[in-house]
Amino acid sequence: MAASSRAQVLRLYRALLRESQRFSAYNYRTYAIRRIRDAFRENKNIEDSEKIEELLNKAKENLEVIQRQV
């Protein structure tokens, strides 16, 4: 994975975790954090750049959803 895409993935991961911390309800907060961590761990070995780009776009959409709900 190129350094720039790795940095982009880490930035997105941190942003997702940061936004998830803003849920006021404990159950929503812990569920969101668990799902984010599990998804990133599950996909950490993917090297296909198209698949990575697809997953990044999906994560960005999820970040927007979290921001709207918080």
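Some points to look at:
- For the chain, the carbon plus sulfur part of the accessible surface works out to 45%, probe radius 1.4 Å.
- Only helical runs count toward this figure. For the chain, summing -39,500 (n - 2.57) over DSSP H runs of n ≥ 4 and dividing by all residues gives -27000 deg cm²/dmol at 222 nm.
- Per-selection Kirkwood Rh - segment 2-70 (Cα, Å, 1 d.p.): 12.5
- In the chain, taking the dipole from charged Cβ atoms about the Cα centre, the farthest positive-side position among Ile36, Ser20, Ser5 is held by Ser20.
The values are calculated or read from the model by the stated rules, or taken from the named source; none is laboratory data. All of these numbers come straight from a predicted model, not from anything done at the bench. Cβ atoms come from the backbone with ideal geometry, glycine included; neighbour counts cover every protein chain shown. Heads up: the accessible areas ignore ligands, DNA and RNA and are worked out on the full protein's heavy atoms, side chains in. Shrake-Rupley method; radii C 1.70, N 1.55, O 1.52, S 1.80 Å.
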